[in-house]
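In what follows, a structure is listed as structure tokens, so that the remarks can point back to it.
The values are calculated or read from the model by the stated rules, or taken from the named source; none is laboratory data. In this text, all values refer to a predicted model and were calculated from it rather than measured experimentally. For neighbour counting, all protein chains shown are included, and Cβ atoms are generated from backbone atoms with ideal geometry for every residue, glycine included.
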Amino acid sequence: MNPTSTFETWATIVTVAATAIAGDVLTAGAMRSIGDLDIIREKSGLGGAIKAVVSSPMFIAGVVCMALSFFSLLFTLSKVDVSLAAPASASLTFIGNAVAAKLFLNENVDRRRWLAALFVCAGVALLAH
């Protein structure tokens, strides 16, 4: 494996995390706007529930972001040691999801979750050195 610069290492890891966060938030937002799939299925059948999901532009955007995250992870793993890339991208995704859930989905992220995110940040900092 060719040695990678610190910038390239973290740029690829942040790309994985950012696309994963976007995918998670867009998918969650889409599912909230679609509503309870059990109710849709009762009224319109399984086909109606599937149509409600796959016809949502927000859901499609979320799936595209998740696919981009997957391919970004493949690229990252071709350049960066998995012992850094996997935990760092997962940790940054955890932290980013907490922030995005609060900002975009108006979720109640309690003090315990923020404290957990702080510990995750400390863990990533330890991994990086």
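Across segment 20-75, the number of residues qualifying as under 15 Å from Ala101 (Cβ atoms) and of a type outside the set (Lys, Arg) comes to 13. Scanning segment 57-116 for residues that are within 21 Å of Glu8 (Cα to Cα) and among the basic types (Lys, Arg) yields a single hit, Lys79. Of everything in segment 1-37, what is of a type in the set (Ser, Thr, Tyr), within 13 Å of Phe75 (Cα to Cα) and assigned to a loop (DSSP other than H, G, I, E, B)? Give them in sequence order. If the condition is that a residue be of a type in the set (Ser, Thr, Tyr), within 13 Å of Phe75 (Cα to Cα) and assigned to a loop (DSSP other than H, G, I, E, B), then Thr4 is the only one that fits. Can you find a residue in segment 71-87 that is in contact with a Leu (Cβ under 7 Å, 6 or more places away or on another chain), over 27 Å from Leu37 (Cα atoms) and of a type in the set (Gly, Ala, Ser)? Yes: segment 71-87 contains one or more residues that are in contact with a Leu (Cβ under 7 Å, 6 or more places away or on another chain), over 27 Å from Leu37 (Cα atoms) and of a type in the set (Gly, Ala, Ser).
For every residue, the table says whether it meets (1) surrounded by fewer than 17 Cβ atoms within 10 Å (Cβ to Cβ); (2) modelled with pLDDT of 95 or more; (3) acidic (Asp, Glu).
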position	(1), (2), (3)
Val80	no, no, no
Pro87	yes, no, no
Thr93	no, no, no
Ala98	no, no, no
Asp110	yes, no, yes
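Applying the condition of being modelled with pLDDT of 95 or more and of a type in the set (Ser, Thr, Tyr) to segment 1-32 and asking which residue is surrounded by the fewest Cβ atoms within 10 Å (Cβ to Cβ) yields Thr15. Of the residues making up segment 104-129, not one is among the polar types (S, T, N, Q) and part of a helix (DSSP H, G or I).
Within segment 48-75, residues that are farther than 16 Å from Val25 by Cα reach partners that are in a helix (DSSP H, G or I) and among the polar types (S, T, N, Q) with beta carbons closer than 6 Å, at six or more positions or on different chains, in the pairs Ser72/Thr15; Ser72/Thr19.
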